[in-house]
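Structure, as structure tokens:
The values are calculated or read from the model by the stated rules, or taken from the named source; none is laboratory data. On a predicted model such as this, the values are computed, not experimentally measured, just so you know. Every residue, glycine among them, receives a Cβ derived from its backbone with ideal geometry; neighbour counts consider all protein chains shown. Just so you know, the surface numbers come from the protein's heavy atoms only, side chains and all, with ligands and any DNA or RNA stripped out. Shrake-Rupley method; radii C 1.70, N 1.55, O 1.52, S 1.80 Å.
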Amino acid sequence: MLATLLTLGLLAGVLTGCGTSEEADGQTLTVFAASSLTGVFEDLEEQFEAEHPGVDVRLSFGGSADLVAQLREGARADVFASADAESMDDLVAAGLTAGDPREIATNTLVIAVPPGNPAGIEDLTDLDADDLALVLCAPEVPCGRAAARVAAAADVDLSPLSEEQSVSDVLAKVRTGEADAGLVYVTDVAAAGDSVRGIAFDESDAAVNHYEIAIVAGSEQADLAADWADLVLGAGRRTLTDAGFGAPDE
């Protein structure tokens, strides 16, 4: 009898251990997103995981063009959120989206300068000064394409000290004083608080970025990916608005 009880006790321990392991393993949802969505998506991550026990959301941020390149080269992700329609179009053209992308928000550029604005920047035309340390996004990056459009609208020639692969890198150089000015999104300045100052300019309307989201083709978590997209498009709208994003064109 004692032997039987000991055997049952050991078996129960094994089963309990197995159950704990399975619960810890859970499911993983991998989300690739433009760096300007960092704050919003980190907030939504907590809500999503609370509503989906056992699911681990793994966020990977970067320049939209870089993320598309990674996906084209075989990187695995379940969801992709871009900072412009052009980047999403590239992914669609590669046959790497499942279903049609959906627009989630809009964003515009603003001039970011260090606190106190030591270079005395007042508008976009001031950015063509020869002695100005200007930093922009690279031309293939959404914020770089937008910068080219606003420069054309203002008829100014911008000669950056460096061209970065993400808007967060541009902002970082302004925050640390490595640059006198940079073109970033309104939402980036809002999130940066007192570490930078934002200067609006009229030509920003010439380059409105349309953010889009899509499920990545071949996702093994397609249902969860759809739930994430629904969260962003639903309750996430308030989070996007609070962060300074504009409403999508509907």
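Worth pointing out:
- For residue 197, the residues whose amide H sits under 5 Å from its own are 113, ignoring neighbours fewer than 5 places away on the same chain, with H placed 1.01 Å from N.
- Taking only protein heavy atoms and a 1.4 Å probe, the accessible area of the chain is 49% carbon and sulfur.
- Rolling a 1.4 Å probe over the protein chains gives residue 197 an accessible area of about 120 Å².
- One way to sum up the overall shape of the chain is the equivalent ellipsoid from its Cα gyration tensor, whose semi-axes run 44, 20, 15 Å, largest first.
- Heavy atoms of residue 199: accessible area, 1.4 Å probe, square angstrom to 10: 10 Å²
- For residue 184, nonlocal amide neighbours, meaning residues 5 or more places apart or on other chains whose placed amide H falls under 5 Å from its own, are 110, 112.
- Nearest-20 debye value, the stretch 26-184 charge dipole, Cβ charges on Lys, Arg, Asp, Glu: 380 debye
- The 3J(HN,Hα) values that the Karplus relation (6.51, -1.76, 1.60; θ = phi - 60°) gives for the stretch 29-43 are, in residue order, 10, 9, 10, 9, 8, 4, 4, 6, 9, 3, x, 5, 5, 5, 5 Hz. Gly and Pro appear as x.
- For the stretch 155-227, Kirkwood radius (reciprocal of mean inverse C-alpha pair distance, Å): 15.2 Å
- With helices as the sole contributors, the chain gives -13000 deg cm²/dmol at 222 nm; each DSSP H run of n ≥ 4 counts as -39500 (n - 2.57), and the sum is divided by every residue.
- For residue 29, distant residues with modelled amide H under 5 Å away: 56, 57, 58
- Remark: the chain carries 48 Å² of accessible area per residue (probe radius 1.4 Å; ligands, DNA and RNA excluded).
- Largest to smallest accessible area among 216, 186 [probe 1.4 Å]: 186, 216
- Summing charges over all other residues whose Cβ lies under 11 Å from the Cβ of residue 117, with Lys and Arg as +1 and Asp and Glu as -1, gives -2.
- Taking the DSSP beta bridges with both ends in the chain, the antiparallel portion is around 55 percent.
- Placing unit charges on the Cβ atoms only, positive for Lys and Arg and negative for Asp and Glu, gives the stretch 147-243 a dipole magnitude near 220 debye about its Cα centre.
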